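See below for the structure under consideration.
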Amino acid sequence: MPTLELCVVALLVICITHWIYKWKNPKCNGILPPGSMGLPLIGETIQLIIPSYSLDVSPFIKKRLQRYGLVFRTSVAGRPVVVSADPEFNHFILQQEGKLVESWYLDLFAKVFKQGENRPDGGYIHKYVRNLALSHFGAESLKAKLLLQLEEMINKTISTWSNQESIEVKRAAAEMALNFGAKQMFSYDPEKSSIDLTEKYVNFSKGLLSFPLNIPGTAYHKCLEDHKKVLNIMRDILNERLTSPDETNQGDVLDHIIEDRKVENFLTEEFVVQIMFGLLFVSFDSLSATLTLAFKLLAENPMVLEELNAEHEAILRKRANPNSPITWEEYKSMTFTLYVINETLRLGSVTPGLIRRARKDIQVNGYTIPAGWAIMAVTSALQLNPDVFEDPLAFNPWRWKVV
Ligand code: HEM
């Protein structure tokens, strides 16, 4: 081989080796938590996204907790991450919103709107989105309108299901959650819509947990395509509202945001579309996952179902008219139902952990988490801790009984 080519190959080998070394040994002003950064670029993404069919802490996390202790480092989808199952540190981190850490989704928002003018800081946007969600989905709204709307929707859905030979619960729950969320968000009516919004969101959700390889045929590619399509639908809905506001005023989340645009400069049309997409996604994904799990747990635990039915039937017996709509007092009197909900939420950690991004270097147990790294607080480690919950994998709503 001529000398020049040999030099180029040698240079390439040196560069790649140096890059791999840097990848495996990231810069840190202290000692990094133990762990492995996995393969260059893909890190340990594949191991993390292998689905687990147990309610227990994911095998990926469990194995590393046993090997490295309560705090370890890894790399997922090209980003360095510190995973923590240390309850005290997790509690501390979740109190540090806007100070030492910020929400992952704010980090995403920041990227999408980097060049936007008049963009307030992440903390302000966070408060805005949280208040928006609370004012339409919080306790006051539940009491004032959602309880009745939910009852009506559930009765209608269950009556449709009862006419079918069988239903696939996961898909049916996704449809119910999406139709409910989209109705609150922009008065969506599935019967009048020409596209299947549930299918688009289900594909998007599947793609998020797939390997991030953007070539036709992969779940990730489909996820990005469906994301684009839904954003276009949201843009059309927003444009329709903006062009004829009086005819389309529905008192929904979208109307609320459009009204806020009069005083909030950061609510550009693109931002509104992103908020709509994001809010519908978080409500749909968490509700459908929790509902599916509730169905499974109730089907497997007939004694729980029996007590739940007994509670509901006792309420119906007390009514003058059994067909009258549910009242707030009836809803508040469902003690056992609340135990069932608590227990389902305890077992069903809908995300492997809460994700934050370090804004500054953070010290934990003698280690340093460098600024810019993601931190995943594994909440299920506490929810499934046998020292806190006896026989933690058992579905036992009675454990919530206050004695
Ligand atoms: C069973 C149903 C639900 C579960 C289990 C659930 C779970 C969660 C969890 C664990 C978080 C914290 C995420 C984090 O801090 O990283 C969260 C945040 C959030 N959820 Fe839900 N959620 C549910 C329903 C909903 C619904 C119906 C909405 C309505 C829009 C909603 C809107 C939000 C919003 C806006 C946040 C961000 C709040 C903030 O950053 O302060 N969620 N949810």
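When nucleic acids and ligands are ignored and a 1.4 Å probe is applied, LEU70 ends up with an accessible area of around 90 Å². Annotation for ARG130 and ILE46: the two label points, set 7 Å from Cα along the Cα-Cβ direction, are 4.0 nm apart.
Within the accessible area of segment 301-355, what % is carbon and sulfur when the probe is 1.4 Å and the other protein chains stay in place? Can you show the working numbers first?
Details: 2130 of 3440 Å².
C and S fraction of accessible area: 62 percent.
Amide H contacts of SER75 (H built 1.01 Å from N, in plane; Pro and chain starts excluded): GLU44, VAL81 sit under 5 Å, all sequence-distant by 5 or more or on other chains.
What ranking, highest mean first, results for peptides 209-216, 322-329, 362-369 when packing means the other Cβ atoms within 10 Å averaged over each residue? It would help to have the intermediate numbers written out before the result.
Numbers: 209-216: 12.1, 322-329: 10.6, 362-369: 17.1.
In descending order of packing, they fall as 362-369, 209-216, 322-329.
Annotation for VAL402 and ASN342: the two label points, set 7 Å from Cα along the Cα-Cβ direction, are 0.9 nm apart. Tell me what the chain gives for mean residue ellipticity at 222 nm when only DSSP H runs of n ≥ 4 count, each as -39,500 (n - 2.57), the sum divided by the residue total, rounded to 500 deg cm²/dmol. Helix-only estimate at 222 nm: -17500 deg cm²/dmol. When the alpha-carbon atoms of segment 243-402 are used, the pair Rg, Dmax equals 22.2, 65 angstrom. Checking the cross-link pairs LYS143/LYS318; LYS156/LYS192; LYS156/LYS296; LYS63/LYS170; LYS170/LYS200; LYS332/LYS401 against a 23 Å limit on the alpha carbon distance flags LYS63/LYS170 as lying beyond it. Semi-axes of the equivalent ellipsoid for segment 301-355, computed as √(5λ) from the eigenvalues of its C-alpha gyration tensor and ordered from largest down, come to 29, 14, 8 Å. All alpha carbon pair distances within the chain were sorted into 10 Å bins beginning at 0; the resulting P(r) in whole percents reads 4, 17, 27, 27, 17, 6, 2, 1, 0, 0.
Estimated at the nearest 10 Å², the accessible area of TRP400 is 80 Å² with a 1.4 Å probe. PRE reach from GLU330 (point 7 Å along Cα→Cβ): which of segment 150-185 fall under 17 Å by backbone N? Residues passing the 17 Å test: 150-159.
Heavy-atom surface analysis with a 1.4 Å probe gives segment 106-285 a carbon and sulfur content of 53 percent of its accessible area.
Here segment 106-285 was treated as a single set of alpha-carbon atoms; its pair distances binned every 5 Å from 0 give 1, 7, 14, 18, 19, 17, 12, 6, 3, 1, 0 percent.
Where in segment 319-351 does the label zone of LEU94 land, with the point 7 angstrom along Cα→C-beta and an amide N cut-off under 13 Å? What the label zone holds, given the 13 Å backbone N cut-off, is 346, 349-351.
Using only Cα atoms, what Kirkwood radius does segment 238-322 have, in angstroms? Don't skip to the end; give the middle numbers.
Details: mean 1/r = 0.0592 Å⁻¹.
The answer is 16.9 Å.
Quote to one decimal, in nm, the extra length available between VAL388 and GLU152 on full extension: 0.36 nm per residue of separation minus the C-alpha distance between them. Kindly include the intermediate steps, with their values, before the conclusion.
Working: separation 236, 0.36 × 236 = 84.96 nm, distance 3.83 nm.
Extra length from VAL388 to GLU152 when fully extended: 81.1 nm.
Averaged over its residues, segment 231-304 has an accessible area of 50 Å² per residue, based on protein heavy atoms and a 1.4 Å probe. Over all orientations, segment 219-274 has a Cα convex hull whose mean projected area works out to 4.3 square nanometres.
Ranked by the mean number of other Cβ atoms within 10 Å of their residues, highest first, the peptides 128-136, 57-65 fall in the order 57-65, 128-136.
Starting with the highest mean, order 147-154, 292-299 by the number of other Cβ atoms within 10 Å, averaged over the residues of each peptide.
Ranked from most to least packed, the peptides come out as 292-299, 147-154.
FRET efficiency for the pair ASP255 and ALA10, taken as 1/(1 + (r/R0)^6) with r the Cβ-Cβ distance and R0 = 41 Å, rounds to 0.05.
The values are calculated or read from the model by the stated rules, or taken from the named source; none is laboratory data. Quantities reported herein were computed from a predicted structural model and do not represent experimental measurements. Glycine gets a Cβ as well: all are built from the backbone with ideal geometry, and neighbour counts include every protein chain shown. Heads up: the accessible areas ignore ligands, DNA and RNA and are worked out on the full protein's heavy atoms, side chains in. Shrake-Rupley method; radii C 1.70, N 1.55, O 1.52, S 1.80 Å.
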